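Beneath this line is the structure, given in structure tokens, with notes to follow.
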Amino acid sequence: MKKLYTAVDRFCARHPRFGVPDLMRWIVIGNVAVYILMLLTMRADANALAFLYLDGGKVLRGEIWRIITFIFVPASSSPFWLAISLYFYYWIGTSLERQWGTARFNLYYWSGVLLTAIVTIVASAISGTGYPVGGTEYVNLSMFLAFAFLFPDTRLLLFFFIPVKIKWLAWLDIAVFVIGIIQSLLVGSWLGAILPVVALLNFLVFIWPAIDAFARRQKYRHNPQTVNFKKAVRQQQQQRGYHHKCAVCGRTDTDYPDLQFRYCSKCAGYRCFCQDHIFSHVHFTDVSRMLVRGFGIGIDHHFASRHFVYCISIRAGVEFIA
């Protein structure tokens with residue numbers, strides 16, 4: 001996936017003017033024009049516009065225009081729902097084009113269309129049966145999934161009055177993918193099961209950096225060291241009444257609220273230092289430790305495996321536990 005994304009990114013950088021600007025506008029205009037033609041011809045001949053559908057068998061016989069014209073076949077026969085869907089996908093498409101640029105968005109859309117056409121043609125060639133496909137249902141759904149991944153907190157009015165974040169609708173989108181695959185497998189239509197997978201692969205290629213960054217964030221959040229650090233901080237705050245305490249001078253954020261504290265990444269464990277000692281302290285090691293108490297003075301001896309490091313931290317009148 002990473003190599004494919006790199007190739008796409010390199011192509012877009014070298015050809016920034018590639019594609020059709022404002023592509024979704026022309027897609028919407030084409031859908032509206034075909035819908036009007038369907039209304040005008042449906043009484044005389046219901047199949048008058050069947051030549052627009054993608055049919056792998058007929059494409060192999062020379063009707064190559066079907067590779068493009070099937071994207072203009074309306075997804076709904078209802079004028080109301082057609083208007084809603086066209087407006088919705090126009091909004092999503094133009095938002096993605098502004099975010100990605102014309103070249104990347106065109107590659108995303110046309111690669112989805114091309115993959116759909118290739119799968120349909122190959123299926124027809126293998127089975128010897130034509131599979132008519134009208135509209136770009138799964139391409140549009142993958143486009144919606146990309147939008148939801150990039151803008152998860154965008155709110156939509158479901159049924160025109162229920163505010164819902166688009167990331168929750170994305171899970172519904174994934175459910176549509178899964179249901180479509182299961183239904184196709186149950187009726188024995190393996191083409192219907194492959195098309196959603198192809199659309200999802202297209203989505204994975206173009207959103208790979210965002211997916212990889214998301215996976216890294218989740219891994220960091222659930223990392224044992226991160227979890228233990230947060231747990232240790234909470235316990236320390238509950239037991240001792242402060243959040244940060246300098247390991248050298250012993251000052252806390254409770255006693256000195258304006259003092260800044262930092263944790264050293266080179267010290268073993270979770271060592272906190274104030275702004276006066278973060279750059280001047282001796283780094284702690286955590287191979288072995290011996291604590292000697294006496295007369296209110298704490299002494300820490302730290303030993304390294306290969307070399308001897310002798311660190312003494314003394315605070316008069318205060319017990320120091322590293």
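The values are calculated or read from the model by the stated rules, or taken from the named source; none is laboratory data. Computed from a prediction, not measured in an experiment: that's the story for all the values here. Cβ placement follows ideal geometry from the backbone for every residue including glycine, while neighbour counts extend to all protein chains displayed.
Observations
- Some residue of the stretch 68-76 being at positive phi and in a loop (DSSP other than H, G, I, E, B): no
The rows are residues; the columns are (1) aliphatic (A, V, I, L, M); (2) modelled with pLDDT under 90; (3) part of a helix (DSSP H, G or I).
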residue	(1), (2), (3)
Val8	yes, yes, yes
Val28	yes, no, yes
Val34	yes, no, yes
Leu40	yes, yes, yes
Lys58	no, yes, yes
Tyr87	no, no, yes
Tyr90	no, no, yes
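- Whichever residue in the stretch 1-51 is small (Gly, Ala, Ser) and loosely packed, with under 13 Cβ neighbours inside 10 Å and, among such residues, is farthest from Asn106 (Cα to Cα): Ala44
- A single entry from Ser313, Ser280 fulfils the requirement of being outside any strand (DSSP E or B), modelled with pLDDT under 50 and not hydrophobic (A, V, I, L, M, F, W, C): Ser313.
- Of all residues in the stretch 10-26 being over 30 Å from Tyr53 (Cα atoms), touching a residue at least 12 places away in the same chain (Cβ under 8 Å) and assigned to a helix (DSSP H, G or I), the one that is nearest to the chain's Cα centre (by Cα): Cys12
- Residues that are over 24 Å from Tyr109 (Cα atoms) and either assigned to a helix (DSSP H, G or I) or in contact with a strand residue (DSSP E or B) (Cβ under 8 Å, 6 or more places away or on another chain) (or both), drawn from the stretch 185-199: Leu185, Leu186
- Counting only residues that are without any contact (Cβ under 8 Å) to a residue 60 or more places away in the chain and touching a helix residue (DSSP H, G or I) at 6+ places or on another chain (Cβ under 8 Å), the stretch 34-64 holds 6 of them.
Okay, residues lined up against (1) in a strand (DSSP E or B); (2) within 17 Å of Leu86 (Cα to Cα); (3) more than 19 Å from the chain's Cα centre (by Cα); (4) not hydroxyl-bearing (Ser, Thr, Tyr):
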| residue | (1), (2), (3), (4) |
| --- | --- |
| Trp110 | no, no, yes, yes |
| Leu115 | no, no, yes, yes |
| Ala123 | no, no, yes, yes |
| Tyr131 | no, no, yes, no |
| Leu141 | no, yes, no, yes |
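- When Ile68 is tested against the conditions (1) touching an Asp or Glu at 6+ places or on another chain (Cβ under 9 Å); (2) at pLDDT 90 or above; (3) more than 26 Å from Ala175 (Cα to Cα), the lone failure is (1).
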